[in-house]
Amino acid sequence: MTKTSGYAAQSKTSPLAPFDFERRDPGPKDIAIEILFCGVCHSDLHTVRNEWNNAVYPLVPGHEIVGRITAVGKEVKAFKVGDMAGVGCLVDSCRDCIDCRDGLEQFCVNGMVFTYNSPDKHLPGKMTYGGYSRHIVVDEHFVLHISDKLNPAAVAPLLCAGITTYSPLRHWKVTAGQKVGVVGLGGLGHMGVKFSHAFGAHTVLFTTSPGKAEDAKRLGADEVVISKNPDEMKRHLNSFDFILNTVAAPHNLDSFTELLKRDGTMCLVGVPEHPHPTPNIANLIFRRRQLAGSLIGGLKETQEMLDFCAEHGIVSDIEMIPMQKINESYERMLKSDVKYRFVIDMASLGRS
Ligand code: NAP
Ligand code: ZN
Ligand code: ZN
């Protein structure tokens, strides 16, 4: 075991604070990574504050990890010491079920292991600890190649916000000529806008924050709609092929489902603490509309997304923070005041 340190929550009400713990030594298939940057996802906040009723403390969050490889096990083939590497939301799965075989490890029927707050297969009785820390040890299968063409700090959010928006846009085959909505301009939403634009769709951003309209256009939106304005919303009735809804709070879904065309789909990726009001089913039935969900993406698709981003020069728009500002950043995230992803500079841990 190797000593390391990071930031952890000790309860649902305590702020994140410095925490010392141990990582396993790399086994034959493992990779040890010195973490350089870690993005701050709204899921970190939901988990730390036990909004999903599954938190085990102490809890070290963080699943948008980019760093440099410091050691590789003797069976590791695809990576070497010194390479840049990424780790997203998953660090293990059974590798044998139908979902794992299909490259959809996020749906592993025998239980995927999340990067934090999951029982750790390698350390029985312990939970996994995430990327708000100096270093991590991960099986090669769950490590991603990071291109040196892109700013590594701005790549970190691709590991969750990127794949969570890329995957449903690909699954529902968003393409040029379609009209696509993205709801919420936060960490996920701003990546959704970038990908939808890159796939050639006519992209409409729905926001509750009028002050984000200019940014949305710069990020690739063709139109911006203030979702609190019913007249603006009505202009788009029955017109969308696909809507990606990234909102992290309960809200009325009907005002979006009624904007879908016949056979259109709205995919939810936000996981609010409390349920949405029950949607109007007639809204779905009478136009054969679909309400769907999507969870991050498998390892193969995550690498495909990273390669797509390297080829097209796509990264997240970030605000870099020192580790010590994490609690303040959570408060700002709750006020929708993120442009558009906080990324922790792990060098700051040395200054704790
Ligand atoms: P975020 O950065 O906080 O962005 C959420 C955005 O939603 C806000 O910026 C805001 O955009 C909008 N919003 C917030 N409160 C709202 C309200 N009451 N009504 C309407 N809009 C509201 O969060 P994120 O990191 O993008 O995560 C979004 C959600 O996705 C979270 O619930 C997170 O846990 C979940 N998530 C899911 C997956 C998955 O695999 N399915 C993966 C990662 C994250 P505007 O200011 O533009 O309105
Ligand atoms: Zn996330
Ligand atoms: Zn499996």
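Under a 5 Å amide H cut-off, with hydrogens placed 1.01 Å from N, residue 8 pairs with 17, 19 among residues at least 5 apart or on other chains. Proximity of backbone amide H atoms, modeled 1.01 Å from N, is registered between residue 243 and 181, 265, 266, 267 at under 5 Å, excluding neighbours fewer than 5 places apart on the same chain. Among the chymotrypsin sites (Phe, Trp or Tyr not before Pro) in region 249-352, those placed in a DSSP loop whose Cβ has at most 11 other Cβ atoms within 10 Å are 286.
Loop only by DSSP, 11 or fewer other Cβ within 10 Å of the Cβ. Give me the trypsin sites (Lys or Arg not before Pro) in region 126-167 that pass, ordered by residue number.
Sparse-neighbourhood loop trypsin sites (Lys or Arg not before Pro): 149.
The separation of region 23-54 from region 122-140, counted between C-alpha centres, amounts to 7 Å. Once the Cα atoms are used to define both axes, helix 299-312 deviates from the longest principal axis of the chain by about 70 degrees. Applying 0.36 nm per residue to the separation of residue 34 and residue 319 and subtracting their alpha-carbon distance, the gain on full extension is 100.5 nm.
Once the Cα gyration tensor of the chain is diagonalised, what are the square roots of 5 times its eigenvalues, in whole Å and ordered largest first, as equivalent ellipsoid semi-axes?
On the way: eigenvalues 231, 89, 75 Å².
So the three semi-axes of the chain are 34, 21, 19 Å.
Sequence-distant contacts, meaning Cα pairs under 8 Å at least 6 residues apart, place the relative contact order of the chain at 17 percent.
Element breakdown for region 1-155 at a 1.4 angstrom probe: carbon and sulfur atoms account for 54% of the accessible area.
Restricting to bridges with both residues inside the chain, how much of the DSSP beta-bridge set is antiparallel, in percent to the nearest 5?
On the way: 33 of 60 bridges.
Just about 55 percent of them are antiparallel.
Shown in residue order for region 112-122 are the 3J(HN,Hα) couplings computed by the Karplus curve 6.51 cos²θ - 1.76 cosθ + 1.60 at θ = phi - 60°: 7, 10, 6, 4, 9, 6, 10, x, 8, 4, 7 Hz (x for Gly and Pro). Which residues in region 255-292 place their backbone N less than 13 Å from a point set 7 Å from the Cα of residue 208 along the Cα-to-Cβ direction? In region 255-292, the label zone of residue 208 (backbone N under 13 Å from the point 7 Å along Cα→Cβ) covers 272-274, 276-277. Applying the Karplus relation 6.51 cos²θ - 1.76 cosθ + 1.60 with θ = phi - 60° to region 314-330 yields 3J(HN,Hα) values of 9, 9, 7, 8, 10, 10, 7, 10, x, 3, 5, 9, 5, 5, 4, 5, 4 Hz, where x marks Gly and Pro.
Normalised by residue count, region 162-293 yields a Cα convex hull volume of 95 Å³ per residue.
A full extension of the chain between residue 176 and residue 311 corresponds to an added length of 46.8 nm, given 0.36 nm per residue minus the alpha carbon distance. For region 89-104 versus region 294-324, the inter-centroid distance based on Cα atoms is 20 Å. Taking every DSSP helix (H) stretch of at least 4 residues in the chain, weighting each as -39,500 (n - 2.57) and dividing the sum by the residue count yields a mean residue ellipticity at 222 nm of -6000 deg cm²/dmol.
Using a Förster radius of 41 Å, what is the FRET efficiency between residue 25 and residue 222 based on their Cβ-Cβ separation? Nearest 0.05, please.
On the way: r = 51 Å, r/R0 = 1.25.
Rounded to the nearest 0.05, the efficiency is 0.20.
With all protein chains present, how much of the accessible area of region 162-293 (probe radius 1.4 Å) comes from carbon and sulfur, to the nearest whole percent?
Working: 2980 of 5680 Å².
The computed percentage sits at 52.
Applying 1/(1 + (r/R0)^6) with R0 = 45 Å to the Cβ-Cβ distance of residue 149 and residue 234 gives a FRET efficiency near 0.55.
In sequence order, region 335-340 has phi-based couplings of 8, 6, 9, 10, 10, 10 Hz under the Karplus curve 6.51 cos²θ - 1.76 cosθ + 1.60, θ = phi - 60°, and Gly or Pro positions carry x.
Which whole-number value in Å² is the accessible area per residue of the chain, probe 1.4 Å?
Working: 14990 Å² over 352 residues.
Value for the chain: 43 Å² per residue.
Checking every one of the trypsin sites (Lys or Arg not before Pro) in region 169-245 against DSSP loop status and a limit of 13 other Cβ atoms within 10 Å picks out 173, 228, 235. With respect to the chain, whose longest principal axis is taken over its alpha-carbon atoms, helix 161-171 is tilted by about 50°. Computed from Cα positions, the angle between helix 187-198 and the longest principal axis of the chain comes to roughly 70 degrees. Our estimate of slack between residue 70 and residue 285, defined as 0.36 nm per intervening residue step minus the Cα-Cα distance, is 71.9 nm. Solvent-free Debye calculation, one equal scatterer per alpha-carbon of region 47-147: log10 I(q)/I(0) at 0.17 Å⁻¹ equals -0.83.
The values are calculated or read from the model by the stated rules, or taken from the named source; none is laboratory data. From a predicted model like this one, the values you see are computed outputs, not experimental measurements. As a convention, Cβ positions derive from the backbone with ideal geometry for all residues, glycine included, and neighbour counts pool all protein chains shown. These area figures cover heavy atoms from the full protein model, side chains too; ligands, DNA and RNA do not enter into them. Shrake-Rupley method; radii C 1.70, N 1.55, O 1.52, S 1.80 Å.
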